[in-house]
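The values are calculated or read from the model by the stated rules, or taken from the named source; none is laboratory data. In this text the structure is predicted, and so the values were computed from the model without any measurement. Here Cβ is always computed from backbone atoms with ideal geometry, including for glycine, and neighbour counts include all displayed protein chains. The protein model used for the area step is the full one, side chains on, heavy atoms only, and it has no ligands, DNA or RNA in it. Shrake-Rupley method; radii C 1.70, N 1.55, O 1.52, S 1.80 Å.
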Amino acid sequence: MTVREILKMGDPRLLRVAQVVTQFDTDTLHLLVTDLLDTMAAANGAGLAAPQIGVDLQVVIFGTGAVSPRYPDAPPVPRTVLLNPVITPLPNDSGTIPEEEDWEGCLSVPGLRGVVPRFARIRYTGFDQYGDPIDRMAEGFHARVVQHECDHLIGKLYPMRIRDFSRFGFTEIFFPGLDTPQDE
Ligand code: NI
């Protein structure tokens, strides 16, 4: 059980495309997951990806099991360990792929917030640390946090997804009085 250092934007290790996990249910993998969980909890995060602690593997964790203070109307995101994820955007009834904009923060980009467009509804698949398959639909904040974390596995930080930079800046300016900011 170790709280690891979280790499910050500018570190080239955050820009790598992470390696596929080929062996499940190993001591090394369980240790990594424990470190991710400890590090996310210590940072009051809503999600964390292995590259953020310098580990070049397709492993992300997310979810708090409780209502997010930043998204009080959103249903709680299940606490999830997700390996080798694949995200598929889902169309609406008219066949188009809807997007939604909302604020995001990132533990690797401390003190900042930005409005990021994401797919509104997704299917995501992958495996947990034991190799058991995961196959879920998600929308809203749940879909957002999955897309944010999985972006870390292809070397993308949320500022790279921002289209309107007038809505990118310091948390204390955009959200004065927010005492427990929660980042991904
Ligand atoms: Ni992040």
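The table for this structure:
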{"read-out": "Within the stretch 135-177, tally of residues that are away from the ligand (no atom under 16 Å from the Cβ), part of a loop (DSSP other than H, G, I, E, B) and without any contact (Cβ under 8 Å) to a residue 40 or more places away in the chain", "value": "2"}
{"read-out": "Residues of the stretch 121-137 that turn out to be surrounded by 18 or more Cβ atoms within 10 Å (Cβ to Cβ) and among the aliphatic types (A, V, I, L, M), as a count", "value": "1"}
{"read-out": "Some residue of the stretch 108-123 being closer than 30 Å to residue 28 by Cβ and more than 16 Å from the ligand (Cβ to nearest atom)", "value": "yes"}
{"read-out": "Test: residue 90 is open to solvent by less than 60 Å² (accessible area, probe 1.4 Å), within 16 Å of the ligand (Cβ to nearest atom) and not acidic (Asp, Glu)", "value": "no"}
{"read-out": "Within the stretch 13-44, tally of residues that are open to solvent by 90 Å² or more (accessible area, probe 1.4 Å), assigned to a helix (DSSP H, G or I) and under 20 Å from residue 108 (Cα atoms)", "value": "2"}
